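The structure under discussion appears below in the form of structure tokens.
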Amino acid sequence: MSNPDQQNFATVRQVTAALEEMAPLSLAESWDKVGLQVGDPSRPVRKVMLTLDSNDDGVIDEAIAKGVDLIIAHHAMIFRPVQTLRTDTPYGRRLQKLLANGLNVYVAHTNLDIAEGGVNDILASRLHLENTEVMTRVHNTRLKKLVVFVPETHHEAVRQAVGDAGAGWIGNYSHCTFNTPGTGTFIPQQGTNPYIGEQGQLERVNEIRLETVVPERIQDHVIAAMLQAHPYEEVAYDLYPLEIMGQELGVGRVGDLVEEMTLAQFAEFVKQQFEVPAVRVVGPLDRKIRRVAVWGGSGEEYFPDALKKGADAFVVSDIRYHYAQDAAAEGLCMVDPGHNTEKLILPSIGAYLEAKMRQYGFDTEILVSQTNTEPFRFI
């Protein structure tokens, strides 16, 4: 058994940075409250616990009992401005308990909804949807053009490194580059340690001009990989902003069921796949369902977007009466499995973070909360 004193624990900042590789805060809606809400980013983290709801006594008590240092939640601990911090209120007592026990709380909400591999992709995979696409576009990835000059001897290594780091994606094609041969010239000056050439002498080198596209959010990661693979002491490269739109990013997913079902059959399928005892259903139970839109959490008002994408049914939580009437009038069926179904994302996000901790050499443990935060009971 390893000595705890010799273990290498990630800090709060390092754990959350790993999650932000998948779900950067820049993806979040402008109204949302995401990021570190309680705690110290430099605090070492032995254990992380993932939960749907952070503002819950059971979740906080579970974290304390299990020796957790960082709670990562989908729903915010602090959403509206805090006017007072009174510990004679339930909310104040929770904040006091967090601080008294050194618990840090981080929130990933709409950024995790929008992210590739996030909430909506996980829910779509639960329904086995095929040919999935974004339902409601929020924005597109901003792209940049990376140009780097590489000696022929290291061209393949640099090309592979930037591609593996995430550069060069065009549609479903990865590692896309354009490569032009040419001659590079330079004179190493005093104090340099050139890979090729001698100080004070003009050097001519057969080089390749390597061009590729880079999503802005990962440009630092791609450049770091490029510099590591490049042999030169001083690397010549350019980074240009592009006007073209990159990958479409947004909320909700639309896709096709493996097999057509009636609405009644589909409702039972949703219950099974989302692990809920009941669902609310809008529409004729004998209606044929093949194309499905799914939205993590509340999003009833976006049902026109589901219609535009050709959906027969829209799986979304917290449907209100008049939205149900309007959708039914437009011929769209709806299935409401409840907001708490977002908890289904936790094992997948946990597996992602576990892999990241091992990749970076950290011994930080990842747990999934066992506390049931569903406020409703079905009788």
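For Lys271, the aspartates and glutamates whose Cα comes closer than 13 Å to its Cα, not counting residues fewer than 8 places off in the same chain, are Asp336.
Counting Lys and Arg as +1 and Asp and Glu as -1, what is the net charge of the other residues whose Cβ lies under 11 Å from the Cβ of His339? My count for the surroundings of His339 gives -4. Across the range 140-248, the volume of the C-alpha convex hull divided among the residues equals 96 Å³ per residue. Rounded to the nearest whole angstrom, the semi-axes of the ellipsoid equivalent to the range 220-369, taken from the Cα gyration tensor as √(5λ), stand at 42, 22, 13, largest first.
The label-point distance for Asn193 and Arg93, in a model that sets each label 7 Å from Cα toward Cβ, rounds to 6.2 nm.
Of all DSSP beta bridges located in the chain, what percent are antiparallel, nearest 5? Of those bridges, close to 70 percent are antiparallel. Rounded to the nearest Hz, the phi-derived 3J(HN,Hα) couplings of the range 315-326 under the Karplus curve 6.51 cos²θ - 1.76 cosθ + 1.60 (θ = phi - 60°) are 8, 7, 9, 6, 5, 8, 3, 6, 5, 4, 4, 5, where x marks glycine and proline. Each Cα pair under 8 Å and six or more residues apart adds its separation to the average, and for the chain the resulting relative contact order is 20 percent. Counting Lys and Arg as +1 and Asp and Glu as -1 over every other residue whose Cβ lies under 9 Å from the Cβ of Val119, the net charge comes to -3. Is the shape of the range 281-365 best called rounded, prolate or oblate, per the rule: a/c under 1.5 gives rounded, else a/b larger than b/c gives prolate, else oblate, with a ≥ b ≥ c the square roots of the Cα gyration tensor eigenvalues? It comes out prolate by the Cα gyration axes.
Highest mobility in the GNM of the chain, judged by mean-square fluctuation with C-alpha springs under 10 Å and restricted to Ser298, Ser317, Ser30, is found for Ser30.
Under the simplified labelling scheme, the Gln160-Asn172 pair shows an inter-label distance of 2.6 nm, with each label point 7 Å from Cα along Cα→Cβ. Around the amide H of Leu143, modelled in the peptide plane, lie the amide H atoms of Glu216, Leu242, Gly246, all under 5 Å away and 5 or more residues distant in sequence or on another chain. Put simply, the chain fits an ellipsoid with semi-axes of 45, 30, 17 Å; these come from the alpha carbon gyration tensor as the roots of five times its eigenvalues, largest first. For the range 57-152, a crude dipole built from +1 on the beta carbon of Lys and Arg and -1 on the beta carbon of Asp and Glu, taken about the Cα centre, is about 440 debye to the nearest 20.
Length gained on full extension, Thr262 to Arg287, computed as 0.36 nm times the residue gap minus the Cα-Cα distance: 8.5 nm. If one takes the longest principal axis of the Cα atoms in the chain, at what angle in degrees, from 0 to 90 and to the nearest 10, does the Cα axis of helix 12-22 lie? Once rounded, one gets 90 degrees.
Remark: for residue pairs Lys47/Lys309; Lys33/Lys356; Lys47/Lys145; Lys33/Lys308; Lys47/Lys144; Lys66/Lys356, the C-alpha separation exceeds 32 Å in Lys47/Lys309; Lys47/Lys145; Lys47/Lys144.
Computed from the coordinates by the stated procedures, all read-outs in this text should not be read as laboratory data. The model shown is predicted, which means the values in this text are computed figures rather than measured ones. So basically every Cβ, Gly included, is an ideal-geometry build from the backbone, and we count neighbours across all protein chains shown.
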